[in-house]
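Worksheet: one structure, shown below.
Every number in this text was worked out from the coordinates using simple rules, so none of it is lab data. On a predicted model such as this, the values are computed, not experimentally measured, just so you know. Ideal geometry is used to build each Cβ from the backbone, glycine not excepted, and the neighbour counts take in all protein chains shown.
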Number of protein chains: 2
Amino acid sequence: MADGRPSAAISGENLLFLTDEQLRQGIEAMFFAYRGFTADPDRILTDMAYGRAHHRAIHFINRAPGTTVNNLLNILGVTKQSLNRVLRTLIADGLVESRVGRIDKRERHLYLTDEGRLLEGRLSDAQRARMRAAFRDAGPEAVAGFRQVLEAMMDSEMQRAYTRLKESGT
Amino acid sequence: MADGRPSAAISGENLLFLTDEQLRQGIEAMFFAYRGFTADPDRILTDMAYGRAHHRAIHFINRAPGTTVNNLLNILGVTKQSLNRVLRTLIADGLVESRVGRIDKRERHLYLTDEGRLLEGRLSDAQRARMRAAFRDAGPEAVAGFRQVLEAMMDSEMQRAYTRLKESGT
DNA sequence: CAGTTTAAGTCAGCCTTGTTGACATTCCAA
DNA sequence: TTGGAATGTCAACAAGGCTGACTTAAACTG
């Protein structure tokens, strides 16, 4: 739908990548790749008392410093109780700072401390290293396709969040 | 490493997709897309008393009927206790059948029952529908790139498991 | 100004899914 | 026949989701 080739898709070459078998391989590729994707940071985190949820919070606070709790909630797609548990430990451990909003004092704005940035660096270095190797092995055209398919796989709400982050990044 | 363009990669165009910003976008694309990837089957599963772990077991038993518990363990990358809990409920509910091995009677070979296949169909239909839409939107070249990058992102052990499944599928 | 809504935090309790460790059973193979 | 492998079971625990109920403070609105 809305792809500009409605009738061409019913014949020949265009169907080869839409067979159930091809789709199933795509599904399994996602499953196995996601495991690799999280493996390196997970290893670092279990040495400390942290988990993947802490990583996600740290990642997005680093990505958008000063973000509010509510905004983070929407990006992560979890309940505030779930996020709060994670944030509380990160703040208690001095990795995240929570500042009362100046304009709206109900809001809390979140920032990484120096120590938080240090852990963030360790985690993304590990994750980026794998991503870099995969990107390099596959080449620029494959990377473009990779991102195109992933973007099409997101819920529209997440697509918007993704694009917003993408555009904010330099 | 081992990509055939060692020095070319240090200049110009080839670096554009290896900047930290590009890598970070790839990381976030994986995060958001995986959520979409699991969203549809998750919705079906929560209506029943099942979770994602049940889906994974059902998927791979369907994919390789007669697989042993140990084999499934390696593919899923969990402990036998964890898998066993899931398998026990699936067997008790009559979705999975466990047959004692004929050659090696220690082994249990796993099969979906008719009812199991029914649920499997419902789950993969939902997951495939999203994958199909994403593949169609992105086009064949993008899909090829998508799979190339994902494969490069896997641990080598998972890469082997993935390839084995791929080759067994027709 | 009073009442409502919003942002955030907290408490309690529940579920799934992962983990270890200890142990029993069965059965193949040296 | 004995050692080891494959499987299963019990118990205990933790992370990280969830819901529901409630509080506080601030902001908005009629």
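Below are the figures for this structure:
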quantity	calculated
Selection count, region B:108-166, where residues are over 20 Å from A:Glu141 (Cα atoms), among the aromatic types (Phe, Trp, Tyr) and buried (at least 20 other Cβ atoms within 10 Å of the Cβ)	1
Per-region count, region A:95-107, residues within 11 Å of DNA strand C (Cβ to nearest atom) and buried (at least 20 other Cβ atoms within 10 Å of the Cβ)	1
Within region B:51-78, tally of residues that are away from DNA strand C (no atom under 13 Å from the Cβ) and at the interface with chain A (Cβ under 9 Å from one of its Cβ atoms)	1
Positions within region B:20-50 being more than 7 Å from chain A (Cβ to nearest Cβ) and farther than 19 Å from A:Ala142 by Cα, in sequence order	B:Thr38, B:Asp40, B:Pro41, B:Asp42, B:Arg43, B:Ile44, B:Leu45, B:Thr46, B:Asp47, B:Met48, B:Ala49, B:Tyr50
Region A:95-130: number of residues that are away from DNA strand D (no atom under 13 Å from the Cβ) and either in contact (Cβ under 8 Å) with a residue 60 or more places away in the chain or in a loop (DSSP other than H, G, I, E, B) (or both)	10
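Condition check ((1) within 11 Å of DNA strand D (Cβ to nearest atom); (2) touching a strand residue (DSSP E or B) at 6+ places or on another chain (Cβ under 9 Å); (3) more than 24 Å from B:Gly169 (Cα to Cα)) across all residues:
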{"residue": "B:Ile27", "(1), (2), (3)": "no, no, yes"}
{"residue": "B:Thr38", "(1), (2), (3)": "no, no, no"}
{"residue": "B:His55", "(1), (2), (3)": "no, no, no"}
{"residue": "B:Ile61", "(1), (2), (3)": "no, yes, no"}
{"residue": "B:Ile75", "(1), (2), (3)": "no, yes, no"}
{"residue": "B:Arg85", "(1), (2), (3)": "yes, no, yes"}
{"residue": "B:Asp93", "(1), (2), (3)": "no, no, yes"}
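Quick grid of which residues meet (1) under 15 Å from the mean Cα position of the chain (by Cα); (2) facing another protein chain (nearest Cβ under 9 Å):
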{"position": "A:Thr113", "(1), (2)": "no, no"}
{"position": "A:Met131", "(1), (2)": "yes, yes"}
{"position": "A:Phe135", "(1), (2)": "no, yes"}
{"position": "A:Leu150", "(1), (2)": "yes, yes"}
{"position": "A:Met153", "(1), (2)": "yes, yes"}
{"position": "A:Met158", "(1), (2)": "yes, yes"}
{"position": "A:Lys166", "(1), (2)": "yes, yes"}
